[in-house]
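See structure below.
The values are calculated or read from the model by the stated rules, or taken from the named source; none is laboratory data. Keep in mind it's a predicted model, so treat the numbers as computed, not measured. Cβ sites come from the backbone with ideal geometry, for glycine too, and all protein chains shown count toward neighbours. Calculation scope for accessible area: heavy atoms of the full protein, side chains included, ligands and nucleic acids excluded. Shrake-Rupley method; radii C 1.70, N 1.55, O 1.52, S 1.80 Å.
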Amino acid sequence: MNMMPFEPTPTPQPKCRGRFVSWLAASIAGAVIGSAATWYVAPKWMQEGTNTSTEAAETAAKNEALPLQPAANVKTNMIDAINKVADAVVGVVNIQKQVDFFSEQAQDTEAGTGSGVIFKKDGNTAYIVTNNHVIEDANKVEVALPNGKKVNADIVGADALTDLAVLKIPADGVTKVASFGDSSKVKIGEPVAAIGNPLGLDLSRTVTEGIVSGKRTMSVSTSAGDWELDVIQTDAAINPGNSGGALINSAGQVIGINSMKIAETGVEGLGFAIPSENVKPIVEQLMKDGKIKRPYLGVQLVDVADLSDDVRTDELKLPSTVTSGAAVTAVEPFSPAAEAGLKSKDVITAINGQKIDSVSTLRKYLYTKVSIGDRIKMTVYRDGFEMTVSVTLKARESSQS
């Protein structure tokens, strides 16, 4: 797989938890670092944080999976931008087998719908990026093309931790391929549009318009545990069914994959998209390997901040100054952590000098800052004393859970 260049992103146009109970219980609840990864958002603001030629925007992505190129200089408008991308946005249908109450026979049932973006056409095959939660647990996936035709799709690969998946379909009927812009160049206040299928295929390729409201890191819960997700925040309306669709800029470039929204009483205009700069490496590896290979540590953990003062003092024997970190509830036999001598009730507070204040920050450091085979130094508190433990990271075997 060739590495992919950045496509220009244009300058935006002005727009008018008591005691432990038992370590076994905590172990069951703890996140397993390195496990394979359904999105449900728990808001936690961690941080806040260009013009291209029309011809380049239309012809990019023909020979590469997800091209992103540096910025150039031409103005365009949102109507033209939407027209460039709309036919590359498709419906995605998650079909699961359910047992009929009366016949007691398994039947295919539509479990949900979402959206996807065609990003590559290669011979007789077209490739689509969507959210993992759109296709998770599906027995079969269908794609609804802009012309109304439905075709069966194969899952090339999926990663629940980052909520991304790649599908492939026959290229017949595919008339447009989306270009991806460099989301790192996106400015707060820049006009954007979200394209997808809110509330189902009956409202296919609906467009909502807004601005980039912010760039943030949010805490989300996945089937692989907590994760700190970088997102583009927008006030463009994003509703159920929009997941996996495109967030585009005024040059018709996809700068994000719509993923979630905050749905609470009194809350409006809080939608989020996975930035294209983060989509790119995940899609590349899914295209190549069908899965994401990450370093494996082999521990179960719980946030120190979620523990009572008594547990931190009596069970973990932590100094009063240590109120955060990742407490080890269990160590898997023969794992890198076991080989390094990590023990239950150890508290990890730093890796290679980088502060670790939660399970999710530990996971994100492992998955984004280091690689399989690296030797890392972990700052650990054991029985009240600070120590350093060196761990050589390994890849998780497919037979491991």
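Structure notes:
- The range 75-292 - Rg over Rh from alpha carbon coordinates, Kirkwood radius: 0.96
- Among the chymotrypsin sites (Phe, Trp or Tyr not before Pro) within the range 77-181, those in coil by DSSP and having at most 12 neighbouring Cβ atoms inside 10 Å are Phe101, Phe102.
- The peptide list 238-244, 168-174, 305-311, 322-328, put in order of mean Cβ contacts within 10 Å with the highest first, becomes 238-244, 322-328, 168-174, 305-311.
- Charge tally for Gln96 (other residues, Cβ to Cβ under 9 Å; Lys, Arg +1; Asp, Glu -1): -1.
- Paired Rg and Dmax values of the range 280-344, which use every Cα atom, in angstrom: 16.8, 49
- Within the range 320-401, GluC sites (Glu not before Pro) in DSSP loop having at most 12 other beta-carbon neighbours inside 10 Å: Glu397
- Convex hull of Cα atoms in the range 314-361, direction-averaged projection (nm²): 3.8 nm²
- Prolate/oblate/rounded call for the range 266-376, Cα gyration tensor, a/c under 1.5 rounded: oblate
- Taking every protein chain into account, the accessible area of the range 295-395 amounts to 44 square angstrom per residue (probe 1.4 Å).
- Amide hydrogen neighbours beyond the local backbone of Thr109, cut-off 5 Å, H modeled: Gln96, Lys97, Gln98
- Mean Cα-pair separation over length for the range 289-401, i.e. relative contact order, pairs under 8 Å, 6 or more apart, %: 31 percent
- Lysine pairs within the range 295-395, Cα separation less than 20 Å, 8 or more sequence positions apart or different chains: 16
- Counting lysine pairs in the range 89-227 whose alpha carbons fall under 12 angstrom apart, excluding pairs fewer than 8 residues apart on the same chain, gives 7.
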